[in-house]
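For reference, the structure discussed in these notes is given below.
Values quoted throughout were computed directly from the atomic coordinates according to the rules given, and no laboratory measurement underlies them. Quick caveat: nothing in here was measured; it's all calculated off a predicted structure. No Cβ is skipped: glycine too gets one built from the backbone with ideal geometry, and neighbour counts run over all protein chains shown.
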C-alpha cells in the first residue's frame, strides 16, 4: 500500500528545515550504500549543531498527522539533498534500520516539483511501477518491503526527509484495513451525524486493541 499525506509541513516549516543547507554541512550518502553505481546523494551531517533540533522539529510535525496510521515510533530521519546528477537506483531498505524494525518507509518533500527535473520516487508494487513527485510539504508513506528508486535529477535540486516508522499492528493486512477505515471515516465526517461516526470509531479502536502488539 502507498499513502499520500498532504500538508505535513507548511512553508514556514520548510524554510526553517532548509534555510542553512550548504555543502559543508552535508556528506556523501554512500555510507548507507557504498556501491556508487546504486546511489549518489548527500546527507546532512549527524554532528551538525542543528541536526538534532531539526530532527525533533520534524518529529513534532509528524505527530499531528500519524495518529491515523497507528505509529508506535519513528526512527532517525535523514535530510537528503539530491543535487543535479544525483540518484538512487532500485533497492530495498535495510531491516532493521534507523534503530527500529520498520513497517513503513516515508519520504517528505521539501521543495516543489517545478524546482527540479527528474528525481521521481518510483515504487514497484507487484508488476506495477508508480511514480511520485508531490508538492512541497507532502509525505509519501509505503510498505518498507517495496523495491523503490529515485530517478536521476536532471536539473535543479531535490530536497527531502526520508525515514521509517514502526506500527502497533504487525499484521500487514489488518494494518492496511484499519488505515483505510480511518481514512474513509475522515472522508465522510462532514456528511454523517457525529454519534454515528463515534460508533464506527469505537469499532476501529476495539479492532486496534485486539490486534495491537503492545
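Order these by the 10 Å Cβ neighbour count, fewest first: 175, 73, 204, 158. It would help to have the intermediate numbers written out before the result.
Working: 175 21, 73 13, 204 17, 158 28.
Going from sparsest to densest Cβ surroundings: 73, 204, 175, 158.
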For this session: Taking each pair of different alpha-carbon atoms in the chain once, compute 1/r for the pair, average those values, and report the inverse of that mean as the Kirkwood hydrodynamic radius in Å to one decimal.
Result: 18.3 Å
Exercise. So for the pair residue 2, residue 185, with labels modelled 7 Å out along Cα→Cβ, what separation do we get in nm?
Worked result: 2.7 nm
Exercise. Which angle from 0 to 90°, rounded to the nearest 10, does the C-alpha axis of helix 172-188 make with the longest principal axis of the chain?
Worked result: 80 degrees
For this session: Counting other beta carbons within 10 Å of each Cβ, put 176, 24 in order, fewest first.
Result: 24, 176
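With runs of 4+ DSSP H residues as the only contributors, calculate the mean residue ellipticity of the chain at 222 nm using -39,500 (n - 2.57) per run, divided by the residue total and rounded to the nearest 500.
Working: 4 runs with 59 residues, N = 214.
So the helix-based figure for the chain works out to -9000 deg cm²/dmol.
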Exercise. Ranked by Cβ crowding within 10 angstrom, fewest neighbours first, how are 177, 108, 28, 86 ordered?
Worked result: 28, 177, 86, 108
For this session: Return the FRET efficiency for the residue pair residue 46, residue 91: r is the Cβ-Cβ distance, R0 is 22 Å, and the value is rounded to the nearest 0.05.
Result: 0.55
Seminar exercise, completed: Taking R0 as 22 Å and r as the Cβ-Cβ distance between residue 30 and residue 76, the FRET efficiency 1/(1 + (r/R0)^6), rounded to the nearest 0.05, comes to 0.80
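Could you tell me whether the stretch 1-106 comes out rounded, prolate or oblate from its Cα gyration tensor? Rule is a ≥ b ≥ c as square roots of the eigenvalues, rounded for a/c under 1.5, then prolate if a/b exceeds b/c, otherwise oblate. Mind showing how you got there, number by number?
Working: a/c = 1.67, a/b = 1.16, b/c = 1.44.
Oblate.
If you take the beta carbon distance between residue 84 and residue 177 as r and set R0 to 45 Å, what does 1/(1 + (r/R0)^6) give as a FRET efficiency, to the nearest 0.05? Walk me through the intermediate numbers first.
On the way: r = 42 Å, r/R0 = 0.93.
Working from the Cβ atoms, E equals 0.60.
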For this session: Give me the distance in nm between label points sitting 7 Å out from Cα along the Cα-to-Cβ direction at residue 155 and residue 56, one decimal.
Result: 4.2 nm
